[in-house]
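Working notes for the structure below.
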Amino acid sequence: MLGEAAEVRSKETGSHIHRVSEYVKLLCQESGMTRDEINLIYLASMLHDLGKLGIEDKILNKPDKLSTEEFEQMKLHCQIGYEMLKSFPQPVMKMAAKIALEHHERYDGSGYPQKLKGEEISLPARMVAIADVFDALGTDRVYKQAWNQEKIVKHFSEEQGRLFDPVLVSVLVKNMDQILCIKQQKSFRYIASNW
(Lines give C-alpha, C1' and ligand atoms only; values in the text may rest on other atoms or scores of the structure.)
Protein backbone atom coordinates (compact mmCIF):
# COMPACT_ATOMS: atom_id res chain seq x y z
CA MET A 1 0.00 0.00 0.00
CA LEU A 2 2.86 2.39 0.77
CA GLY A 3 4.49 1.66 -2.57
CA GLU A 4 1.22 2.18 -4.42
CA ALA A 5 0.71 5.51 -2.62
CA ALA A 6 4.05 6.75 -3.95
CA GLU A 7 3.20 5.46 -7.42
CA VAL A 8 -0.20 7.18 -7.52
CA ARG A 9 1.25 10.47 -6.35
CA SER A 10 3.95 10.45 -9.00
CA LYS A 11 1.42 9.49 -11.70
CA GLU A 12 3.52 6.55 -12.84
CA THR A 13 2.08 4.44 -15.61
CA GLY A 14 -0.14 1.78 -14.02
CA SER A 15 1.40 -1.00 -11.98
CA HIS A 16 5.02 0.19 -12.20
CA ILE A 17 5.90 -1.09 -8.72
CA HIS A 18 4.30 -4.46 -9.42
CA ARG A 19 6.12 -4.92 -12.71
CA VAL A 20 9.42 -3.88 -11.11
CA SER A 21 8.95 -6.36 -8.26
CA GLU A 22 8.04 -9.13 -10.71
CA TYR A 23 11.16 -8.42 -12.79
CA VAL A 24 13.20 -8.47 -9.58
CA LYS A 25 11.63 -11.77 -8.55
CA LEU A 26 12.65 -13.29 -11.90
CA LEU A 27 16.22 -11.97 -11.51
CA CYS A 28 16.32 -13.48 -8.00
CA GLN A 29 15.06 -16.86 -9.23
CA GLU A 30 17.52 -16.96 -12.11
CA SER A 31 20.33 -16.00 -9.71
CA GLY A 32 19.65 -19.10 -7.58
CA MET A 33 18.24 -17.43 -4.46
CA THR A 34 16.17 -19.27 -1.90
CA ARG A 35 12.41 -18.86 -1.65
CA ASP A 36 12.75 -16.81 1.55
CA GLU A 37 15.34 -14.50 -0.02
CA ILE A 38 13.11 -14.02 -3.06
CA ASN A 39 10.08 -13.21 -0.88
CA LEU A 40 12.05 -10.65 1.10
CA ILE A 41 13.53 -8.85 -1.90
CA TYR A 42 10.26 -9.04 -3.86
CA LEU A 43 8.29 -7.27 -1.13
CA ALA A 44 11.05 -4.79 -0.26
CA SER A 45 11.44 -3.77 -3.91
CA MET A 46 7.90 -2.38 -3.92
CA LEU A 47 9.10 0.47 -1.70
CA HIS A 48 12.04 1.58 -3.85
CA ASP A 49 10.42 4.93 -4.72
CA LEU A 50 8.68 5.62 -1.40
CA GLY A 51 10.83 8.73 -0.99
CA LYS A 52 9.01 10.36 -3.91
CA LEU A 53 6.31 11.17 -1.38
CA GLY A 54 8.70 13.88 -0.17
CA ILE A 55 9.24 15.49 -3.59
CA GLU A 56 7.22 18.50 -4.74
CA ASP A 57 4.46 17.80 -7.30
CA LYS A 58 5.80 20.41 -9.72
CA ILE A 59 9.06 18.46 -9.92
CA LEU A 60 7.64 14.96 -9.64
CA ASN A 61 5.15 15.44 -12.47
CA LYS A 62 6.94 17.96 -14.68
CA PRO A 63 6.22 17.08 -18.33
CA ASP A 64 9.63 18.32 -19.51
CA LYS A 65 13.24 17.60 -18.68
CA LEU A 66 14.17 18.66 -15.16
CA SER A 67 16.54 21.57 -14.66
CA THR A 68 19.81 20.87 -12.85
CA GLU A 69 18.33 22.25 -9.63
CA GLU A 70 15.13 20.23 -10.03
CA PHE A 71 17.11 17.06 -10.70
CA GLU A 72 19.11 17.63 -7.52
CA GLN A 73 15.81 17.84 -5.65
CA MET A 74 14.51 14.67 -7.34
CA LYS A 75 17.67 12.79 -6.34
CA LEU A 76 16.74 13.37 -2.70
CA HIS A 77 13.99 10.74 -2.96
CA CYS A 78 16.59 8.03 -2.30
CA GLN A 79 17.64 9.52 1.04
CA ILE A 80 14.04 10.44 1.94
CA GLY A 81 12.88 6.86 1.35
CA TYR A 82 15.76 5.52 3.42
CA GLU A 83 14.96 7.90 6.29
CA MET A 84 11.29 6.85 6.20
CA LEU A 85 12.13 3.15 6.39
CA LYS A 86 15.38 2.76 8.32
CA SER A 87 13.91 2.66 11.85
CA PHE A 88 11.58 -0.27 11.27
CA PRO A 89 12.92 -3.49 12.85
CA GLN A 90 11.38 -5.94 10.36
CA PRO A 91 13.83 -7.51 7.87
CA VAL A 92 11.66 -6.56 4.90
CA MET A 93 11.68 -2.90 5.95
CA LYS A 94 15.44 -2.91 6.56
CA MET A 95 15.90 -4.37 3.08
CA ALA A 96 13.48 -1.79 1.65
CA ALA A 97 15.46 1.04 3.28
CA LYS A 98 18.69 -0.20 1.69
CA ILE A 99 17.04 -0.57 -1.73
CA ALA A 100 15.46 2.90 -1.49
CA LEU A 101 18.86 4.41 -0.72
CA GLU A 102 20.89 2.51 -3.33
CA HIS A 103 18.66 1.88 -6.36
CA HIS A 104 20.11 4.85 -8.30
CA GLU A 105 23.73 3.89 -7.66
CA ARG A 106 25.56 2.88 -10.83
CA TYR A 107 27.94 -0.01 -11.33
CA ASP A 108 30.81 2.31 -12.34
CA GLY A 109 30.32 4.59 -9.32
CA SER A 110 28.64 7.42 -11.22
CA GLY A 111 25.26 7.08 -9.48
CA TYR A 112 23.80 8.69 -6.39
CA PRO A 113 23.55 9.40 -3.50
CA GLN A 114 26.71 7.65 -2.22
CA LYS A 115 28.69 7.02 -5.44
CA LEU A 116 28.90 3.32 -4.60
CA LYS A 117 30.59 1.10 -7.15
CA GLY A 118 30.19 -2.52 -8.26
CA GLU A 119 29.49 -4.90 -5.40
CA GLU A 120 29.54 -2.05 -2.88
CA ILE A 121 25.94 -1.68 -4.05
CA SER A 122 23.75 -4.34 -2.46
CA LEU A 123 22.61 -7.10 -4.82
CA PRO A 124 18.89 -6.31 -4.30
CA ALA A 125 19.51 -2.64 -5.17
CA ARG A 126 21.44 -3.66 -8.31
CA MET A 127 18.46 -5.81 -9.30
CA VAL A 128 15.96 -3.03 -8.65
CA ALA A 129 18.12 -0.59 -10.65
CA ILE A 130 17.81 -2.82 -13.71
CA ALA A 131 14.11 -3.57 -13.22
CA ASP A 132 13.25 0.08 -12.56
CA VAL A 133 15.07 1.40 -15.63
CA PHE A 134 13.73 -1.40 -17.83
CA ASP A 135 10.17 -0.56 -16.84
CA ALA A 136 10.68 3.22 -17.08
CA LEU A 137 12.11 2.96 -20.59
CA GLY A 138 9.34 0.64 -21.77
CA THR A 139 6.38 2.72 -20.58
CA ASP A 140 5.07 6.18 -21.34
CA ARG A 141 5.89 8.80 -18.71
CA VAL A 142 4.81 12.42 -18.35
CA TYR A 143 8.17 13.46 -19.79
CA LYS A 144 8.72 10.83 -22.55
CA GLN A 145 7.21 8.15 -24.77
CA ALA A 146 7.99 4.46 -24.30
CA TRP A 147 11.01 3.03 -26.09
CA ASN A 148 10.62 -0.06 -28.27
CA GLN A 149 12.07 -3.36 -27.10
CA GLU A 150 15.02 -3.34 -29.48
CA LYS A 151 16.15 0.08 -28.28
CA ILE A 152 15.82 -0.97 -24.63
CA VAL A 153 17.90 -4.14 -25.10
CA LYS A 154 20.52 -2.12 -27.02
CA HIS A 155 20.67 0.39 -24.14
CA PHE A 156 21.25 -2.34 -21.56
CA SER A 157 23.89 -4.01 -23.72
CA GLU A 158 25.73 -0.71 -24.15
CA GLU A 159 25.54 0.14 -20.44
CA GLN A 160 26.41 -3.36 -19.19
CA GLY A 161 29.26 -2.98 -16.70
CA ARG A 162 28.94 0.81 -16.68
CA LEU A 163 25.49 1.65 -15.32
CA PHE A 164 24.34 -1.88 -14.59
CA ASP A 165 25.72 -5.10 -13.11
CA PRO A 166 26.96 -7.04 -16.17
CA VAL A 167 25.93 -10.44 -14.81
CA LEU A 168 22.39 -9.24 -14.06
CA VAL A 169 22.07 -7.63 -17.50
CA SER A 170 22.95 -11.00 -19.02
CA VAL A 171 20.24 -12.63 -16.88
CA LEU A 172 17.73 -9.99 -18.01
CA VAL A 173 18.51 -10.42 -21.71
CA LYS A 174 18.59 -14.23 -21.47
CA ASN A 175 15.09 -14.21 -19.93
CA MET A 176 13.57 -11.53 -22.15
CA ASP A 177 10.64 -13.74 -23.16
CA GLN A 178 9.58 -14.08 -19.51
CA ILE A 179 10.24 -10.38 -18.91
CA LEU A 180 7.93 -9.47 -21.79
CA CYS A 181 5.22 -11.77 -20.42
CA ILE A 182 5.39 -9.89 -17.10
CA LYS A 183 5.24 -6.57 -18.96
CA GLN A 184 2.01 -7.65 -20.69
CA GLN A 185 0.24 -8.64 -17.46
CA LYS A 186 -2.78 -6.49 -16.67
CA SER A 187 -3.06 -7.28 -12.98
CA PHE A 188 -0.80 -8.59 -10.25
CA ARG A 189 -1.40 -10.56 -7.10
CA TYR A 190 1.11 -11.79 -4.58
CA ILE A 191 0.63 -14.06 -1.62
CA ALA A 192 3.65 -14.06 0.67
CA SER A 193 4.72 -17.46 1.90
CA ASN A 194 6.68 -18.50 4.98
CA TRP A 195 6.37 -15.16 6.81
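For the range 51-62, give me each residue that is part of a helix (DSSP H, G or I), of a type in the set (D, E, K, R) and over 28 Å from Glu37 (Cα atoms).
The answer is Asp57, Lys58.
Just for helices (runs of 4 or more DSSP H) wholly inside the range 63-179: which have at least 2 residues that are among the aliphatic types (A, V, I, L, M) and at negative phi?
Ranges flagged: 77-85, 91-102, 123-138, 149-159, 166-174.
Kindly provide the set of residues from the range 53-91 that are under 30 Å from Pro166 (Cβ atoms) and buried (at least 20 other Cβ atoms within 10 Å of the Cβ), ordered by number.
Listed by number, the residues that qualify are His77, Cys78, Gly81, Leu85.
At pLDDT below 95, more than 17 Å from the chain's Cα centre (by Cα) and within 22 Å of Glu30 (Cα to Cα) - does that describe any residue in the range 134-149?
Within the range 134-149, one or more residues are at pLDDT below 95, more than 17 Å from the chain's Cα centre (by Cα) and within 22 Å of Glu30 (Cα to Cα).
Can you name every residue in the range 62-116 that is acidic (Asp, Glu) and over 15 Å from Leu50 (Cβ atoms)?
Asp64, Glu69, Glu70, Glu72, Glu105, Asp108
Quick check on this structure: which one of Phe134, Phe156 is within 26 Å of Gly32 (Cβ to Cβ), open to solvent by less than 50 Å² (accessible area, probe 1.4 Å), among the hydrophobic types (A, V, I, L, M, F, W, C) and in contact (Cβ under 8 Å) with a residue 40 or more places away in the chain?
Checking each option against the conditions leaves just Phe134.
The values are calculated or read from the model by the stated rules, or taken from the named source; none is laboratory data. Quick caveat, the model's predicted, so the values are computed rather than measured. Positions of Cβ are backbone-derived with ideal geometry, glycine not excepted, and every protein chain shown enters the neighbour counts. Ligands, DNA and RNA are excluded from the accessible area calculation, which covers all protein heavy atoms including side chains. Shrake-Rupley method; radii C 1.70, N 1.55, O 1.52, S 1.80 Å.
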